[in-house]
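Take a look at the structure below.
Since every read-out is calculated from the coordinates, none of them should be taken as a lab result. These figures come from a predicted structure and were not determined experimentally. Note that each Cβ is placed from the backbone with ideal geometry, even for glycine, and that neighbours are counted across all protein chains shown.
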Amino acid sequence: MTRQQLIDQIFSKGTYLCVGLDTDPEKLPEHLKGRPDAVFEFNKAIIDATLAYCVAYKINTAFYEAQGLKGWDAMERTVRYIPDTHFRIADAKRGDIGNTSTQYAKAFFEAMPFDAITVAPYMGADSVLPFLEYENKWTILLGLTSNSGARDFELLDCSRSQDVLVDGVHTQPTEHGKLFEFVLRKGNEWGSAGNLMFVVGATQADAFARIRELTPDHFYLVPGVGAQGGSLKDISEQALNKDCGLLVNASRAIIYASEKEDFAQEAGAIAQQYAYEMKGYLAALQR
């Protein structure tokens with residue numbers, strides 16, 4: 001999916017909601033447990049109920065990998081069931097040396113029809129560039145995540161000096177910032193606003209203004225709304241740009257809205273509530 005196609009979907013539908021399919025077999029409604037295709041049945045019902053209220057789906061691959069071959073089959077069937085009008089994200093957080101990343105890219109962009117994959121950038125350029133080589137596919141770099149462990153590395157204050165030749169004179173200007181800011185700057189060198197996004201956690205609302213300053217045109221994938229306590233209002237007010245620039249993900253709050261046979265209906269109702277609120281923020285943006 002191209003950037004313009006994504007933007008068109010957002011403004012035509014009036015929503016920038018991404019539904020997270022973090023499907024845990026142990027949390028399925030009782031009437032589905034034990035069925036051979038329980039996970040896919042659940043996902044299919046959720047997709048059918050939420051399709052009108054979102055523009056993207058994010059499949060957290062760990063929930064499927066944990067089930068072995070059966071889980072991979074459910075994941076592939078799920079991503080193929082999602083229509084290509086919707087942005088399909090593999091939340092896989094891959095990132096390894098170049099030849100390994102090349103194989104990861106083939107798995108999710110060739111063997112399966114995902115539009116995007118989340119990537120950990122901390123092994124550097126050669127671990128990221130293989131994903132960026134695919135036309136109309138997206139790499140979503142981990143920027144500033146919503147977990148408490150973000151303080152361990154991402155929020156560290158860092159500085160570095162660079163040898164720069166100015167008018168024949170060598171200088172060593174010092175660049176200051178937190179580690180995640182260096183990731184954003186370096187990511188801009190690797191990709192563009194047309195093939196690169198950043199993961200920015202909803203619980204990091206205070207940092208959105210700075211992040212938008214560093215990456216004014218990029219889209220952000222924003223997890224952490226709903227069960228993790230992130231505020232859709234705060235995020236939208238601080239991080240929307242003229243093209244929207246946001247995909248706000250909600251997982252548990254939507255897919256586990258009910259434990260009963262009405263689970264899909266309740267999921268659709270919650271997704272509709274998010275979409276209604278988002279429509280208001282988009283309308284304000286267009287005034």
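Assuming R0 = 35 Å, what is the FRET efficiency of K186 and Q273, from their Cβ-Cβ distance, to the nearest 0.05? Write down the numbers at each step before the final one.
Working: r = 38 Å, r/R0 = 1.07.
Once the sixth-power term is evaluated, E becomes 0.40.
Here the label points at E133 and W72, each 7 Å from Cα along the C-beta direction, are separated by 2.2 nm in the simple model.
Gain in length, D234 to T2, computed as 0.36 nm per residue apart minus the alpha-carbon separation, to one decimal in nm?
Values: separation 232, 0.36 × 232 = 83.52 nm, distance 2.74 nm.
My answer for the length gained is 80.8 nm.
Bridge orientation summary for the chain: considering DSSP beta bridges with both residues in this region, about 25 percent are antiparallel. From the coordinates of this entry, Rg and Dmax of the Cα atoms in Å is computed, and it appears in (1) 19.4, 75; (2) 17.9, 56; (3) 21.2, 74 under the label (1). Computed extension length for E26-E261: 83.1 nm, one decimal, from 0.36 nm per residue of separation with the Cα-Cα distance subtracted. Note on the chain: helix-only mean residue ellipticity at 222 nm, from DSSP H runs of 4+ residues weighted -39500 (n - 2.57) and normalised by residue number, equals -11500 deg cm²/dmol.
Listed by chain and number, the lysines whose C-alpha is less than 18 Å from the C-alpha of K178, apart from same-chain residues fewer than 8 away, are K186. Taking chymotrypsin sites (Phe, Trp or Tyr not before Pro) in DSSP loop conformation with at most 15 other Cβ atoms inside 10 Å as exposed sites, the chain has its longest uninterrupted site-free stretch at 154-287. The value of relative contact order for the chain, using C-alpha pairs under 8 Å at least six residues apart, is 21 percent. Bridge orientation summary for segment 186-261: considering DSSP beta bridges with both residues in this region, about 10 percent are antiparallel. Contact order, relative form, for segment 1-153: 19 percent (alpha carbon pairs under 8 Å, 6 or more residues apart, mean separation divided by residue count). When the chain is treated as a Gaussian network with alpha carbon springs shorter than 10 Å, the biggest mean-square fluctuation among D243, D126, D206 belongs to D206. Rounded to the nearest Hz, the phi-derived 3J(HN,Hα) couplings of segment 231-241 under the Karplus curve 6.51 cos²θ - 1.76 cosθ + 1.60 (θ = phi - 60°) are 9, 4, 4, 4, 4, 5, 5, 9, 10, 5, 10, where x marks glycine and proline.
Averaging the Cα positions of each part gives two centres, and for segment 30-65 and segment 234-287 these lie 18 Å apart. Under 16 Å of direct C-alpha separation, and excluding same-chain neighbours fewer than eight residues apart, K106 reaches these lysines: K93, K137. Using 0.36 nm per residue and subtracting the Cα-Cα separation, the extra length available between E65 and T100 on full extension is 10.8 nm. Farthest toward the positive end of the dipole of the chain, out of G230, Y256, I10, is the Cα of I10, where the dipole comes from beta carbon charges about the Cα centre.
Hand me the GluC sites (Glu not before Pro) from segment 221-280 located in a DSSP loop with no more than 15 other Cβ atoms within 10 Å, in residue order please. Could you put the intermediate results ahead of the total?
Values: sites: E237, E259, E261, E266, E277; in loops: E259, E261.
Filter output for segment 221-280: E259, E261.
Placing R0 at 41 angstrom, the Cβ-Cβ distance between K44 and S159 gives a FRET efficiency of 0.20 after rounding to 0.05.
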